[in-house]
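*Asks:* Mind looking over this structure? Questions follow.
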Amino acid sequence: MHAFTQPLPQPAPISMVVLGDSLAYGLGATTVENGLAHLLFRRVREERPGSTYANFGVPHSTMGDVLRAQIPHLHRANASLVLLIAGANDLRFTRDSAVIARRFRKLLEAVHDAAPRAAVVASGMPDVAQTIALPPVLKPAASRLCRRINDSMRRITQELEDEFIDMFAFTNAPLRPHLQYMCDDGYHPCDFGHAEIADRAYPALLRAITS
């Protein structure tokens with residue numbers, strides 16, 4: 001007979017910090033607890049009991065807003081996992097994919113400077129053509145632009161050895177397109193949309209906390 005008198009070691013709790021825009025905040029969901037970031041944290045806490053959560057996301061933030069207003073919070077947060085969701089609002093001010101890529105790299109590097117020991121998961125560019133923001137004639141070009149920016153964000157994330165959430169793929173090709181993904185404002189996911197994106201994004205967080 002073999003007996004084990006000591007309990008098996010448990011994985012350490014995670015201190016998860018979220019930075020970003022409306023999607024990071026959970027806009028469109030009926031409550032922030034039904035938003036993407038909170039749903040992802042719920043899964044993290046199941047994997048790592050005792051984990052903590054702080055969400056500094058602010059609706060409508062650009063990457064510059066995140067850099068100026070949210071990164072200072074990260075310096076003080078003692079994060080072991082950072083989730084960054086930002087970029088879509090920058091399209092209100094520029095369509096230059098190279099400019100957006102440079103802003104993303106600068107922001108991601110600032111995340112590493114503020115939380116050098118944290119695992120980082122960064123989201124790519126959602127397909128804004130799925131919203132009501134654009135007339136139908138402009139949607140194909142907007143979708144191509146978002147795909148190109150998303151690819152650049154993926155490359156930058158890989159260069160910094162972070163995990164990437166392919167937000168373009170998740171918003172451009174939902175798994176159940178016959179169902180309603182957007183809330184009444186036509187810009188942000190509803191509860192169902194947040195939940196499906198969370199299901200598809202969680203493997204990236206799991207890789208980050210187990211690698």
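The values are calculated or read from the model by the stated rules, or taken from the named source; none is laboratory data. Everything numeric here is computed off the predicted structure, so don't read it as measured data. Note that each Cβ is placed from the backbone with ideal geometry, even for glycine, and that neighbours are counted across all protein chains shown.
*Asks:* Could you please let me know if VAL111 is in contact (Cβ under 8 Å) with a residue 40 or more places away in the chain, surrounded by 20 or more Cβ atoms within 10 Å (Cβ to Cβ), part of a strand (DSSP E or B) and not small (Gly, Ala, Ser)?
*Replies:* Taking the combined requirement at face value, the residue does not satisfy it.
*Asks:* Within region 22-41, can you find the residues that are out of contact with any strand residue (DSSP E or B) (no Cβ under 6 Å at 6 or more places or on another chain), farther than 14 Å from ALA54 by Cα and touching a residue at least 60 places away in the same chain (Cβ under 8 Å)?
*Replies:* Selection gives SER22, LEU27, ALA29, THR30, ASN34.
*Asks:* Among the residues of region 52-98, write down those that are β-branched (Val, Ile, Thr) and either surrounded by 20 or more Cβ atoms within 10 Å (Cβ to Cβ) or under 16 Å from the mean Cα position of the chain (by Cα) (or both).
*Replies:* Answer for region 52-98, where residues must be β-branched (Val, Ile, Thr) and either surrounded by 20 or more Cβ atoms within 10 Å (Cβ to Cβ) or under 16 Å from the mean Cα position of the chain (by Cα) (or both): VAL58, THR62, VAL66, ILE71, VAL82, ILE85.
*Asks:* Among the residues that make up region 81-88, is at least one of them touching a residue at least 12 places away in the same chain (Cβ under 8 Å) and farther than 21 Å from ARG154 by Cα?
*Replies:* no
*Asks:* Okay, moving on. Considering only region 16-59, how many residues are in a strand (DSSP E or B) and of a type in the set (Val, Ile, Thr)?
*Replies:* 3
*Asks:* Can you name the residue in region 1-37 that is farther than 29 Å from ARG117 by Cα and among the hydroxyl-bearing types (Ser, Thr, Tyr) and is also modelled with the lowest pLDDT among such residues?
*Replies:* The qualifying residue modelled with the lowest pLDDT is THR5.
*Asks:* Another one. Among (1) surrounded by fewer than 16 Cβ atoms within 10 Å (Cβ to Cβ); (2) in contact (Cβ under 8 Å) with a residue 12 or more places away in the chain; (3) under 16 Å from the mean Cα position of the chain (by Cα), there is one condition PRO49 misses while meeting the rest; what is its number?
*Replies:* (3)
*Asks:* Moving on. Going through ASP21, ASP90 one at a time, which residue ends up being in contact with a His (Cβ under 7 Å, 6 or more places away or on another chain), under 24 Å from ASP127 (Cβ atoms) and acidic (Asp, Glu)?
*Replies:* ASP21
*Asks:* Among the residues of region 72-107, what is the count of those that are more than 15 Å from LEU160 (Cβ to Cβ) and out of contact with any helix residue (DSSP H, G or I) (no Cβ under 7 Å at 6 or more places or on another chain)?
*Replies:* Residues flagged as more than 15 Å from LEU160 (Cβ to Cβ) and out of contact with any helix residue (DSSP H, G or I) (no Cβ under 7 Å at 6 or more places or on another chain) within region 72-107 amount to 13.
*Asks:* Can you tell me which of (1) over 21 Å from TYR25 (Cα atoms); (2) out of contact with any Ser or Thr (no Cβ under 9 Å at 6 or more places or on another chain); (3) modelled with pLDDT of 90 or more is the one ARG176 doesn't meet?
*Replies:* Here ARG176 meets the rest and fails (3).
*Asks:* Here are some residues: GLU163, GLU159. Which one is within 25 Å of ASP65 (Cβ to Cβ) and in contact with a Lys or Arg (Cβ under 6 Å, 6 or more places away or on another chain)?
*Replies:* The unique qualifying residue is GLU163.
*Asks:* Moving on. If you check ALA101 against the conditions, is it within 17 Å of ILE71 (Cβ to Cβ), under 18 Å from the mean Cα position of the chain (by Cα) and hydrophobic (A, V, I, L, M, F, W, C)?
*Replies:* Considered against the rule, which asks whether it is within 17 Å of ILE71 (Cβ to Cβ), under 18 Å from the mean Cα position of the chain (by Cα) and hydrophobic (A, V, I, L, M, F, W, C), ALA101 comes out as no.
*Asks:* Another question about this same structure. Please specify each residue of region 124-141 satisfying the condition of being surrounded by fewer than 19 Cβ atoms within 10 Å (Cβ to Cβ) and either outside any loop (DSSP other than H, G, I, E, B) or of a type outside the set (A, V, I, L, M, F, W, C) (or both).
*Replies:* THR131, PRO135, PRO136, VAL137, LEU138, LYS139, PRO140, ALA141
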